[in-house]
Amino acid sequence: MQQNNSRLTGGCQCGAVRFRAERLGRPSICHCRMCQKAFGGFFGPLVTGYGVTWSRGAPKYFQSSNKVRRGFCRDCGTPLTYEVEGENSIELAIGAFDDPTVAAPEIQVNPRDKLPFFDTLTELPVRTQYSPQWPAFMASLHSHQHPDHDTAVWPPEEGFPS
C-alpha cells in the first residue's frame, strides 16, 4: 500500500502531544475489553505505526497488562498508543490521526469480547430533526480542540480557533 507520509501525522485533542509516522501497517479494530475501557468505546481502532516520532510533547503511559502499555495525553486524556513489550513498532489510535481515513480498518480482532449489539449499530435510526434551538447552539460553539494539522505553537497566543 503506497502511503503519503506527509499525511501520517496526528495528536491529541488539546495539542499537547503530536506525532508523525513514516509508514503504517494493517489497521484494525480490537474488541477486547481492555481496548473498550482504554478508548471508552465499543472497540479500539488501531494501526501499526513504523518510524513514529513525537513532534510535540510525549504520551504518559498506563501499564494495562504485564505485556502492554497504553499511551495517552496527560492533559486531555486522548488515547494515543498501544505498545507491546519488545516490539519495534507501536499501534497508534486511528482517531488521533489528522486524517483518520489514512487507516481505514481492514480486520477485526478479539471477536470473543465483541459487544452483542455491535453488528446492528448501523441499523439504528438516524436523527434528522432537531429542536429550533439547535442551529443557534451549534453556531455558538467555539472549539478548543487542536486543528487537524501541525502548528508551530499551541495553544495560539490569541486564543483558540473557532
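Among LEU80, LEU24, LEU115, the ranking by other beta carbons within 10 Å of each residue's beta carbon, starting with the fewest, stands as LEU115, LEU24, LEU80. Per-residue ellipticity at 222 nm computed for the chain from its helices equals -2000 deg cm²/dmol, with DSSP H segments shorter than 4 residues left out and the rest contributing -39,500 (n - 2.57).
Taking label positions 7 Å along the Cα-Cβ direction at both GLN133 and PHE62, the computed distance is 3.4 nm, reported to one decimal.
If you wrap a convex hull around the alpha carbons of the chain, what volume per residue comes out, as a whole number of Å³? Each step should come with its number before you reach the end.
Working: hull volume 23.7 nm³, N = 162.
In the chain, the Cα convex hull volume per residue is 146 Å³.
Suppose every Lys and Arg Cβ carries +1 and every Asp and Glu Cβ carries -1, with no other charges. What dipole size does the chain come out with about its Cα centre, to the nearest 20 debye? Spell out each step's value before the answer.
Values: 16 positive and 16 negative charges, 93 e Å.
The calculation lands at about 440 debye.
Between VAL68, VAL52, ALA21, the Cα set farthest toward the positive side of the dipole of the stretch 14-162 (charges on each charged residue's Cβ, about the Cα centre) is that of VAL68. Counted over the stretch 5-117, the DSSP beta bridges are approximately 90% antiparallel. Taking other residues whose beta carbon is less than 14 angstrom from the beta carbon of THR101, and scoring Lys, Arg as +1 and Asp, Glu as -1, yields -3.
Every read-out reported here was derived from the displayed coordinates using simple, explicitly stated rules and does not represent laboratory data. Everything numeric here is computed off the predicted structure, so don't read it as measured data. For neighbour counting, all protein chains shown are included, and Cβ atoms are generated from backbone atoms with ideal geometry for every residue, glycine included.
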